[in-house]
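The values are calculated or read from the model by the stated rules, or taken from the named source; none is laboratory data. Predicted model only: the values in this text are computed from it and were never measured. Every residue, glycine as well, gets a Cβ built from its backbone with ideal geometry; the counts of neighbours run over all protein chains shown.
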Amino acid sequence: MFKGSKISLRMCMACRENKQKEKLIRVVKQKGGSIFIDKTGKADGRGAYVCNNLECLNLLKKKRGLERSFRCKVDGLIYDDLKKEMI
């Protein structure tokens, strides 16, 4: 590997595989409690990542991965927004 060529890896909350950060979708919970999809990848708050495919989304919903990561109830609209983002 060349010096300076750093690849940022993140773990998918559903399948638990490490993948490049750019290939995952980031969901953020900010201090105020708002939860949203972070398209920039730079929003402040606690981030959780999910693969950009419906299988992982369904697994994430089934395992309640966002609820466990954020330690709070997550509105079902977030899952709907994730599905729209993937299509």
request  = For the range 35-52, indicate whether the set of residues that are farther than 17 Å from Met86 by Cβ, modelled with pLDDT under 95 and out of contact with any strand residue (DSSP E or B) (no Cβ under 7 Å at 6 or more places or on another chain) is non-empty.
outcome  = yes
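For the range 1-20, which positions are outside any strand (DSSP E or B) and either modelled with pLDDT under 95 or within 10 Å of the chain's Cα centre (by Cα) (or both)?
Answer for the range 1-20, where residues must be outside any strand (DSSP E or B) and either modelled with pLDDT under 95 or within 10 Å of the chain's Cα centre (by Cα) (or both): Met1, Phe2, Lys3, Gly4, Ser5, Lys6, Ile7, Ser8, Met13, Ala14.
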key: Residues located in the range 67-87, provided they are farther than 16 Å from Lys29 by Cα, part of a helix (DSSP H, G or I) and among the aliphatic types (A, V, I, L, M)   = Met86
